[in-house]
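Colleague: Right, I'll just put the structure down here and ask away after.
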Ligand SMILES: Cc1ncc(C[n+]2csc(CCOP(=O)(O)OP(=O)(O)O)c2C)c(N)n1
């Protein structure tokens, strides 16, 4: 029997499972305990697991992320929550200069089995210090594995797999996904891994590559394109580092066209990286240049209409897809 | 009952400013419910005596750096209520053309440097503003407001050290409302004496009753004079309390109702109003007159925000960099 569950609750179940199964696991971050988590993901866990394992931290991102690294070195399996990717910039030093580099620079002597979770993305009118998508910054860094669960299954089951890694894993939870409710199958774990992308919708006419919070609008756009006789294949990247080139390449070999939808800014984005890889690996399969639809290159503005205009939307995805197929006439509906 | 701290008219003005912020924010909460204001909205209700005591105690050419809980500071600094309201409505007439919203109010004319939603983010900025004054020989103060939660951030400690090391004219104003979101001070600080932290950087520090508007005003006047003439930082800790939840998303389950009620008993607005009532000629009609003034301003601000045009989407990309590069 499938159960209906929200992304938020699925994430909480994942945390609960990890805390139950492995005594080395603990959660720390700002307001994860008494407050219940800024996005209510960890609500109730303090009561269940106590203050040693559900650890409220002061406002000191650099300090507690670094402490997570140290605790991982010391034999624990910490899960560190950072409220939002914008605040993770205060901890970037520890993540990039220490967590990601330690195995290599110690000549393989030390390794950091740390999982860092953080919310990301725009869409709630939170303006320029709470809304950015910087996944690509982390995906740039060797030594990290970067995950972006966009479905209920992935929210429920990626965390445990992340905790089995012996090296740091960053998990991005798009703030717009927390309230999404969908059915979860009892055997969903079998469908989840942290290595490959997933084809969320099969299609023959073009490939839409996306991840995280852009998956729902991309799937919505694909449905509308289908009504116009265009069958789009939708790839959910899921794993932003290392990228699963093979699955993307196979899809391109079937559709010969690719549009990448990425909430980051276009310059230097994951979309840029994926586009380059398609060019390197499947150039002669392409019937048209790879296209990208990203956020406008502005700090995300507060006003609702400006924020909406800054982000890819189903309508702009449809428009870009049609343009890629050489269908530029005005579309209604 | 204590004697009135100031002459009748000045006390009434302090009441009026506190009332102005209180009503402004109550209305914001209501407009949030109606969906006119969105994003994060952090209310200052309960803490008004701090801004009302401190901000007008500064000079017009001093600088103010604040946090995301800054409506009161912005109003007192002289940013018109209508442009603040329009900002929160996301309109083109807003003080930041709808780009910032509640958490990011800025105003160059009054040297109001935000509106910062990164906890601790304003402190280094204040240090730099003061450095510029110092290096250019200006006798100005930079007042930096921040919550006690910021004290745990590295930015706080780095800023304290720089300001003290370089003897910079910064007035650090810590608004200690005892909670950083759901985390009480004693659950986040090994040393809860915040003045001691400042003193450890050799910055003179004073604890002030932040529910007493006159105490705040006097402490700020003295400290600002010291910063200005002595060209060195001073740290003030204002003990205060927020009555409302952290933001509109906070279920507020981490503190007891009795605690909130006890602080409300000491509410700065009521305290001074009652003192006025008891000691001089100030009655319901006088108070009503203040209410009327405040509500006229507020109604006008909302009408202005409602009537204002949204920024054209074609202007989405403006103000990311200067429109024209300097000629070289
Ligand atoms: C660097 C950073 N970390 C976390 C947050 C989320 N956050 C916003 S306000 C806040 C509490 C801050 O408390 P305090 O400094 O005491 O100010 P108050 O809200 O009480 O006025 C937190 C944790 C943030 N905005 N910035």
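Colleague: Going by what's in this entry, would residue A:306 be described as within 20 Å of residue A:131 (Cα to Cα) and more than 14 Å from chain B (Cβ to nearest Cβ)? Steps first, answer last, please.
Modeller: Working: within 20 Å of residue A:131 (Cα to Cα): yes; more than 14 Å from chain B (Cβ to nearest Cβ): no.
In short, no.
Here's the yes/no breakdown for (1) touching a residue at least 40 places away in the same chain (Cβ under 8 Å); (2) closer than 23 Å to residue A:148 by Cβ; (3) within 13 Å of the ligand (Cβ to nearest atom):
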site: A:3; (1), (2), (3): yes, no, no
site: A:9; (1), (2), (3): no, yes, no
site: A:13; (1), (2), (3): yes, yes, no
site: A:17; (1), (2), (3): yes, yes, no
site: A:20; (1), (2), (3): no, no, no
site: A:37; (1), (2), (3): yes, yes, yes
site: A:65; (1), (2), (3): yes, yes, yes
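Colleague: For residue B:74, indicate whether it is closer than 28 Å to residue B:161 by Cβ, within 15 Å of the ligand (Cβ to nearest atom) and in contact with a helix residue (DSSP H, G or I) (Cβ under 6 Å, 6 or more places away or on another chain).
Modeller: Numbers: closer than 28 Å to residue B:161 by Cβ: no; within 15 Å of the ligand (Cβ to nearest atom): yes; in contact with a helix residue (DSSP H, G or I) (Cβ under 6 Å, 6 or more places away or on another chain): yes.
Spelling it out, it is not the case that residue B:74 is closer than 28 Å to residue B:161 by Cβ, within 15 Å of the ligand (Cβ to nearest atom) and in contact with a helix residue (DSSP H, G or I) (Cβ under 6 Å, 6 or more places away or on another chain).
Colleague: Can you tell which of B:114, B:101, B:53 is touching a residue at least 40 places away in the same chain (Cβ under 8 Å), over 27 Å from residue B:259 (Cβ atoms), under 13 Å from the mean Cα position of the chain (by Cα) and not in a strand (DSSP E or B)?
Modeller: B:114
Colleague: If I ask for residues that are touching a strand residue (DSSP E or B) at 6+ places or on another chain (Cβ under 9 Å) and surrounded by fewer than 17 Cβ atoms within 10 Å (Cβ to Cβ), which ones from the stretch B:196-208 would you list? Give the derivation first.
Modeller: The first filter runs over the stretch B:196-208 and keeps only residues touching a strand residue (DSSP E or B) at 6+ places or on another chain (Cβ under 9 Å), leaving B:196-199, B:201, B:203-208.
Correct list: B:196, B:199, B:206, B:207.
Colleague: Can I ask one more? Select from the stretch B:286-318 the residues that are touching a helix residue (DSSP H, G or I) at 6+ places or on another chain (Cβ under 6 Å) and over 23 Å from residue B:37 (Cβ atoms) and list them in ascending order.
Modeller: B:290
Colleague: Could you grab me the full set of residues in the stretch B:272-317 that are modelled with pLDDT under 95 and assigned to a loop (DSSP other than H, G, I, E, B)?
Modeller: Correct list: B:280, B:281, B:282, B:283.
Colleague: Only one residue in B:44, B:68 is within 16 Å of the ligand (Cβ to nearest atom) and within 14 Å of another protein chain (Cβ to nearest Cβ), so which one is that?
Modeller: Numbers: B:44 fails: within 14 Å of another protein chain (Cβ to nearest Cβ).
Unique residue meeting the criteria: B:68.
Colleague: Sticking with this one: With B:172, B:145, B:112 as the choices, which residue is closer than 30 Å to residue B:309 by Cβ and more than 14 Å from chain A (Cβ to nearest Cβ)? Talk me through it step by step, then tell me what you get.
Modeller: Numbers: B:172 fails: closer than 30 Å to residue B:309 by Cβ; B:145 fails: closer than 30 Å to residue B:309 by Cβ.
From the options B:172, B:145, B:112, the qualifying one is B:112.
Colleague: Given B:198, B:155, B:163, which one is part of a helix (DSSP H, G or I), more than 14 Å from chain A (Cβ to nearest Cβ) and within 16 Å of the ligand (Cβ to nearest atom)?
Modeller: Values: B:155 fails: more than 14 Å from chain A (Cβ to nearest Cβ); B:163 fails: within 16 Å of the ligand (Cβ to nearest atom).
Unique residue meeting the criteria: B:198.
The values are calculated or read from the model by the stated rules, or taken from the named source; none is laboratory data. Computed from a predicted model, the values in this text were never measured in an experiment. When we count neighbours, we look across all protein chains shown, and the Cβ atoms used for this are built from the backbone with ideal geometry, even at glycine.
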